[in-house]
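Notes for the one structure printed next.
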Amino acid sequence: MTGVHLDPNRAPVAFGRLAIPELFAQLEEADTGKKLRALASLCDLTHDPERLYQVVSEGFLGHLEALLKDEEPAVRTRTCELLHLLTSHNIGRHALLSSPLLPRLSLLLDDQSAPCRTRAHRVMNSLAVLPAGADALQSLLAKLMAKVEEAEAEEEVQALLLSTLSCVTRQDALAALACRGVALVACKLSHACSDIRREAAGAMMALSVPVEGKRQVCEAAVLPVLAGLLRDPDVDVQANAAGAIMNAVVITTGKRQCLDLDVLPVLLDLVWERRKDEDEERKRKALVLYSLRALTSLAEAPEGRRRLLEQLPLLVGRTTPEDDPDVCRAAKTAVSVVTWLP
C-alpha cells in the first residue's frame, strides 16, 4: 500500500472548517519553519472563496499583524502574499480596510527584503481598486509620490506604484498635484518597460482631470512626450496617452501646444484605423474614444477646425451603423463641432 505523500513545505491540513483555525493556531508558534509551512497552506486554501470567507468572517485577519512585524523576512513576505490573495475579493479588501493592519503594511513598502516590498505593493494596489481603498491610501500619498522619485530596481514595483497612484489620484487629483505629481510621473513616461509607460500615462490622465492638472501638464512640457506615446506599440499606452491629451486640450494652452505638435494627423489615423480581429478592435475602443474626444476639443480652435474640415470624411466614416454605438456617438459629436457655423 502506497503511503500518503506530505509536502515538507506545507503544514498538514485538517478536515473541513477545522483547517483554518488550526493553521492560524500554528502561526502563534515561535518556530519560523512551522509559521512558514502554515502560511503556505493558508495561501493554498484561500484560493477557495469559501475558505477566504471563513478567514474574514471569523476574525482571523487580526492575527496577521504580529507576522507583519516578524524578524524573518520570509514570514513577512508570505504574510503579504496571503493578504494579497485575500484582497483578490471585495470582502477581503473591505475587511483589510476595517482592520488595524494598513499602517503596519505601509511600513513594509520600505522593507529591506525586495520580495516583501513587491508583495506589499501588490496588496496596496488591490486595495486601491476600491474607492474606499483609494480614500484610505490618501494619507500615504506623499510617501507614494516620494517612492516614484526613487530609483527602484524592480520594474514590477514601479508599475504597481504608478497603478496605485493612478487610483488614488482619481479620488483626489489636487492632493497629488500638490505633491509634484506631474513632474514625478512625467519622468516615467519614457521608460523602456511598457508596463511602466502604461501606468505612468494612466496616472498622468488622472492628474490632468482638474484645470490645475491641465495647466501643469502644459507648463511641464509633458504634451510632446504624450504625443510620442500615441505611436507606442502597446495599445494601452496609446489609450492612456490619448486620454491625457484629451484632458489637456480642454484648455486653450493645451489646444495650441497640440496643434503646434501636429497631433491631429496622428489622432485621425488612430480613429480611422480598424482591426479585423474583433477582440483587438474592442481593446482599441478606449483609444478611439479618447482620440475622438481630443479631436472634438481641438475643433473648437479655429485652426483645428480648418484642418479637420479638410479631413472630414475620416470622421464621417466612423459614424456608420456598423461602428460601436459609443464610437459612433463620439464621432457624430466631433463632426457636428467641426461643421458648426456661427
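Read-outs: derived from the displayed coordinates by stated rules, not from any lab. Everything numeric in this text was worked out from a predicted model, so none of it was measured. Here the Cβ positions follow ideal geometry from the backbone for every residue, glycine too, while neighbour counts run over all protein chains shown.
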For the range 141-245, build the convex hull from the C-alpha positions and give me its volume per residue in Å³.
-> 79
Virtual paramagnetic centre 7 Å along Cα→Cβ of Gln138, amide N under 11 Å, in the range 187-216 | none
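I'd like the Kirkwood hydrodynamic radius of the chain, using the inverse of the mean 1/r over distinct C-alpha pairs, in Å. Display every interim value, and only then the final one.
On the way: mean 1/r = 0.0447 Å⁻¹.
Averaging 1/r across every pair of different Cα atoms and inverting gives 22.4 Å.
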Give me the lysines in straight-line cross-link reach of Lys34: C-alpha distance below 22 Å, same-chain residues under 8 apart excluded.
-> Lys69
Overall form of the range 7-129 per C-alpha gyration tensor (a/c, 1.5; a/b vs b/c) | oblate
On the formula 1/(1 + (r/R0)^6), with r taken between the Cβ atoms of Asp48 and Lys69 and R0 of 35 Å, the FRET efficiency rounded to 0.05 is 0.80
Within the chain, what's the longest run with no GluC sites (Glu not before Pro) in a DSSP loop and at most 13 other beta-carbon atoms within 10 Å? Give the range, please.
-> 151-272
What helix-only [θ] at 222 nm does the chain give? Using -39500 (n - 2.57) per DSSP H run of at least 4, over all residues, to the nearest 500, the answer is -20000 deg cm²/dmol
Calculate the length of the line joining the C-alpha centroid of the range 56-70 to that of the range 71-111, in whole Å.
-> 9
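In the range 95-164, which trypsin sites (Lys or Arg not before Pro) are in a loop and have at most 13 other Cβ atoms within 10 Å, using DSSP for the loop call? List each step's numbers first, then the result.
Values: sites: Arg104, Arg117, Arg119, Arg122, Lys143, Lys147; in loops: none.
Counting only loop positions with at most 13 other Cβ atoms within 10 Å, none of the trypsin sites (Lys or Arg not before Pro) in the range 95-164 qualifies.
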Full-extension gain in nm, Glu154 to Leu18, via 0.36 nm per residue minus C-alpha separation | 45.0 nm
